[in-house]
Amino acid sequence: MTVTIFLVRHAAHDNVGSFLAGRMEDVVLGEAGRAQAERLGQRMKREDIEAIYTSPRERTRETAAAIAKASNLGPPQIAEALDEVNFGDWTGKTFDMLNQDPQWRRWNSVRSLSRTPGGESMLDVQHRILGLIETLLNNGGGKRLALVSHGDVLKAAVCHILGLPIDAWPRFDIAPASITTMTVGDWGAKIITLNEICP
């Protein structure tokens, strides 16, 4: 049996790119992000999704709810394995501040050998999202599933499927409100589309 999994990054919150939101509470979609999520939902409704799983963060739950509404599905299921990277002490800091931190620069150049301060490594992140995918496959969760998560989390999964090291994460984009489609079967797994953007 082949399963199609749509890896969906949440729509943009109003301050995307200005500070590291991470697992902060109350980072929600603004007016532009809600409109983006609605367009994403309209795009996704033609995919005949059977179930939606989402990170517990507000911005992912709002995005997943827009997809569920457009596809006439019940409430998305929260999956802790889809949560944003635990950035620990970096959470909430501006990128201007972070760029002055040598540990931040190391994290962005060699994530395979780095860990966020008080948080997790990218290998930890990769382990948890792949574990969720394995569980969904083994439990017969459906043939067409949407997983709504965060850029780095989805990049960790894509790196694995493409046979890339985790340090290859900056070589491709996973934009807000984008869809990356993968298929998985007894024969293995492959990426069908990468970073399809719903503007």
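Using only alpha carbon pairs under 8 Å that are at least six residues apart, calculate the relative contact order of the chain and give it in whole percent.
On the way: 412 pairs, mean separation 63.3, N = 199.
Taking the mean separation of contacting Cα pairs over the length of the chain, I get 32 percent.
Could you give each residue of the range 81-89 its phi-based ³J(HN,Hα) in whole Hz, using Karplus coefficients 6.51, -1.76, 1.60 with θ = phi - 60°, and x for Gly or Pro?
Result, rounded to whole Hz: 5, 8, 4, 4, 3, 7, 7, x, 5.
According to a simple spin-label model (label point 7 Å from Cα along Cα-to-Cβ), what is the distance in nm between E134 and D167?
Rounded to a tenth, the inter-label distance reads 2.5 nm.
How high is the FRET efficiency from E31 to V110, r the C-beta distance, R0 35 Å, rounded to 0.05?
On the way: r = 39 Å, r/R0 = 1.10.
Approximately 0.35, to the nearest 0.05.
Top to bottom by accessible area (1.4 Å), largest first, where do R61, R23, R9 land? Don't jump to the answer; show the numbers that get you there.
Details: R61 100, R23 75, R9 45 Å².
Listed by decreasing accessible area, they come as R61, R23, R9.
Taking amide hydrogens as modeled 1.01 Å from N in the peptide plane, which residues meet the under 5 Å criterion relative to A177, leaving out close sequence neighbours?
R9, H10, A11, A12
Working from Cα positions, state the angle (0 to 90°, nearest 10) between the long axis of helix 31-44 and the longest principal axis of the chain.
Helix 31-44 and the main axis of the chain meet at about 40 degrees.
How high is the relative contact order of the range 40-97, in percent, with contacts defined as C-alpha pairs under 8 Å that are six or more residues apart? Don't skip to the end; give the middle numbers.
On the way: 64 pairs, mean separation 21.9, N = 58.
With pairs under 8 Å counted, the relative contact order is 38 percent.
In sequence order, what are the phi-derived ³J(HN,Hα) couplings for the range 125-135 according to the Karplus relation 6.51 cos²θ - 1.76 cosθ + 1.60 with θ = phi - 60°, rounded to whole Hz, with x for glycine and proline?
Values per residue, Gly and Pro as x: 4, 4, 4, 6, 6, 5, x, 5, 4, 4, 4 Hz.
Divide, for the chain, the radius of gyration over alpha carbons by 2.2 N^0.38 Å, where N is the residue count. Show your work: numbers first, answer last.
On the way: Rg = 16.1 Å, N = 199, 2.2 N^0.38 = 16.4 Å.
Compared with the compact-globule rule of thumb, the chain sits at 0.98.
Given H placed on each backbone N at 1.01 Å, which residues far from G30 in sequence or on other chains put an amide H within less than 5 Å of it?
Residues meeting the amide H criterion: D14.
Using the eigenvalues of the Cα gyration tensor, what equivalent ellipsoid semi-axes result for the range 127-199 when each is taken as the square root of five times the eigenvalue, whole Å, largest first? Provide the component values of the computation, followed by the final result.
Numbers: eigenvalues 77, 43, 26 Å².
Semi-axis lengths for the range 127-199 are 20, 15, 11 Å.
Under a 1.4 Å probe, what is the accessible area of the range 55-199 per residue, stated in Å²?
Values: 6610 Å² over 145 residues.
Normalised by residue count, the accessible surface of the range 55-199 is 46 Å².
Residue by residue through the range 3-12, what is 3J(HN,Hα) from phi via Karplus (6.51 cos²θ - 1.76 cosθ + 1.60, θ = phi - 60°)? Round to whole Hz and write x for glycine and proline.
Coupling constants for the range 3-12: 10, 9, 10, 9, 8, 10, 8, 4, 5, 6 Hz.
Counting pairs of alpha carbon atoms under 8 Å apart in space and at least six apart in sequence, what relative contact order in percent does the range 122-183 give? Could you put the intermediate results ahead of the total?
On the way: 30 pairs, mean separation 21.9, N = 62.
Contact order relative to length: 35 percent.
Could you give the nm distance between label points at T193 and D48, where each point is 7 Å from its Cα heading toward the beta carbon?
1.6 nm
Of A11, L132, A168, whose Cα points farthest to the positive end of the dipole of the chain (charges on the beta-carbon: +1 Lys, Arg; -1 Asp, Glu; origin at the Cα centre)?
Positive-end residue among those listed: A168.
For the chain, with all protein chains present and a 1.4 Å probe, just round the carbon and sulfur fraction of the accessible area to a whole percent. Please report the intermediate quantities before stating the final value.
Numbers: 4520 of 9170 Å².
Carbon plus sulfur share of accessible area: 49 percent.
Non-local amide H neighbours of R57 (under 5 Å, H modeled in plane, Pro and chain starts lacking H): which ones?
E84
What angle do you read, to the nearest 10 degrees and between 0 and 90, between the alpha-carbon axis of helix 58-70 and the longest principal axis of the chain?
Long axis of 58-70 versus the principal axis of the chain: about 20 degrees.
The values are calculated or read from the model by the stated rules, or taken from the named source; none is laboratory data. Computed from a predicted structure; not experimentally measured. Neighbour counts run over all protein chains shown; Cβ positions are idealised from the backbone, glycine included. The protein model used for the area step is the full one, side chains on, heavy atoms only, and it has no ligands, DNA or RNA in it. Shrake-Rupley method; radii C 1.70, N 1.55, O 1.52, S 1.80 Å.
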